[in-house]
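This report refers to the structure that appears directly beneath it.
The values are calculated or read from the model by the stated rules, or taken from the named source; none is laboratory data. If you're wondering where the values come from, they're calculated on a predicted model, not measured in any experiment. Cβ placement follows ideal geometry from the backbone for every residue including glycine, while neighbour counts extend to all protein chains displayed. Accessible surface areas use protein heavy atoms only, side chains included; no ligands, DNA or RNA. Shrake-Rupley method; radii C 1.70, N 1.55, O 1.52, S 1.80 Å.
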Amino acid sequence: MKLAKNIQNIAKRVLINESEALNNIANYIDDQFEECVEAIFKSKGRVVITGIGKSAIVASKIVATLNSTGTPSLFMHAADAIHGDLGMIQDDDIVICISKSGNTPEIKVLVPLIKRTNCKLVGLVSNVDSYLGQQSDYVLNATIADEACPNSLAPTTSTTAHMALGDALAVCLMELKSFTSEDFARYHPGGALGKQLYLKVDDIISHNEVPIVQHDANFKETILEISTKRLGATAVLKNNKLIGIVTDGDLRRGIEKGVNLDKVIAEQIMSVNPKQVEKGDFAVKALNVMQQNNISQVIVMDGEKVAGFVHLHDLLKEGII
């Protein structure tokens, strides 16, 4: 028990250390940060991000974030740069160099080579007085008091700070570009996330039949429509207008109440005010309606006409859930 308590205290200490560091770094957002964002925004080139060790891993993550939010970016490992990869840098690119100390040998070799190009150099560094800090056109200040590790050596708080500044950079650029959810969908077409942003109910209902009965349909006609269309429900129409829905649950409840199955009609066992979405709505809206109302299907309308149904199983099959 004592060991477990100590582990919890260590974990809390790490998280508090890193959260306090991020709060402090917010105070370092200054004119240079703003000028850096504007330079990237106005640049006709790409953003090339470099680093070594843990900083290289952080650089890869920031590159991925920028690319996915509309800012073309490349990763260049600092060690590989001096063995040929420097050739990926083109005129008008902006190079971001990430380093905690700003004084590592690889950085001291790389920086002069970058400075010979027509590119602006950004130093994302935890020591603004370092070689990198002094040589950069723009400095993103990631100064921290200490690392979260007990010896203040292992990159922990510093890498968190660097990554958070990268996120701040990306979000600023998103807002300057007026980057929308539709834009985001273009860069994330795969997986559940992508489908939530582009899949519409129109894409789903074309695969389903449209279960419909008239308001005076008898019990047998109603149950056959639900069974053959295999969506667990049917819309109920009167004078060609939607007035309700009969689900398999409504059928069971009717039987439990002892209704006369020979005389009951759809209108007498239906649920009124059925939940609906419009043709053209995103499929994720249909999912939200189902979740909020604890139902398994929703009617899709095209104006006043029933266009089809979306079932929970359809969304599962599409991978949205």
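Here is how the numbers come out for the structure above:
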{"quantity": "Any hit, region 2-20, residues being open to solvent by less than 20 Å² (accessible area, probe 1.4 Å) and farther than 18 Å from ILE107 by Cα", "calculated": "no"}
{"quantity": "Filter pass, ASN24 being of a type outside the set (A, V, I, L, M, F, W, C), open to solvent by 70 Å² or more (accessible area, probe 1.4 Å) and either closer than 27 Å to VAL63 by Cβ or in contact with a Cys (Cβ under 8 Å, 6 or more places away or on another chain) (or both)", "calculated": "yes"}
{"quantity": "The lone exception for GLU175 - which of (1) of a type in the set (D, E, K, R); (2) part of a loop (DSSP other than H, G, I, E, B); (3) surrounded by fewer than 19 Cβ atoms within 10 Å (Cβ to Cβ) it fails", "calculated": "(2)"}
{"quantity": "Residue in region 201-221 that is nearest to LEU287 (Cα to Cα), counting only those that are touching a helix residue (DSSP H, G or I) at 6+ places or on another chain (Cβ under 6 Å) and not in a loop (DSSP other than H, G, I, E, B)", "calculated": "VAL201"}
{"quantity": "Residues of region 241-262 that turn out to be surrounded by fewer than 10 Cβ atoms within 10 Å (Cβ to Cβ) and touching a residue at least 12 places away in the same chain (Cβ under 8 Å), as a count", "calculated": "1"}
{"quantity": "Among the candidates GLU225, GLU221, residue that is open to solvent by less than 70 Å² (accessible area, probe 1.4 Å) and acidic (Asp, Glu)", "calculated": "GLU225"}
{"quantity": "Residues being of a type in the set (A, V, I, L, M, F, W, C), out of contact with any strand residue (DSSP E or B) (no Cβ under 7 Å at 6 or more places or on another chain) and in contact (Cβ under 8 Å) with a residue 24 or more places away in the chain - total across region 150-170", "calculated": "6"}
{"quantity": "Any hit, region 131-143, residues being within 27 Å of the chain's Cα centre (by Cα) and in a loop (DSSP other than H, G, I, E, B)", "calculated": "yes"}
{"quantity": "Top-ranked residue of region 222-236 - restricted to ones that are part of a helix (DSSP H, G or I) and in contact with a helix residue (DSSP H, G or I) (Cβ under 8 Å, 6 or more places away or on another chain), ranked as farthest from ASP248 (Cα to Cα)", "calculated": "THR222"}
{"quantity": "Condition met for LEU153 (in a helix (DSSP H, G or I) and open to solvent by 10 Å² or more (accessible area, probe 1.4 Å))", "calculated": "no"}
{"quantity": "3 or more residues more than 27 Å from ALA217 (Cα to Cα): qualifying helices (runs of 4 or more DSSP H) within region 260-321", "calculated": "283-293, 312-318"}
{"quantity": "Count of residues meeting criterion [out of contact with any helix residue (DSSP H, G or I) (no Cβ under 7 Å at 6 or more places or on another chain) and part of a helix (DSSP H, G or I)] in region 86-107", "calculated": "3"}
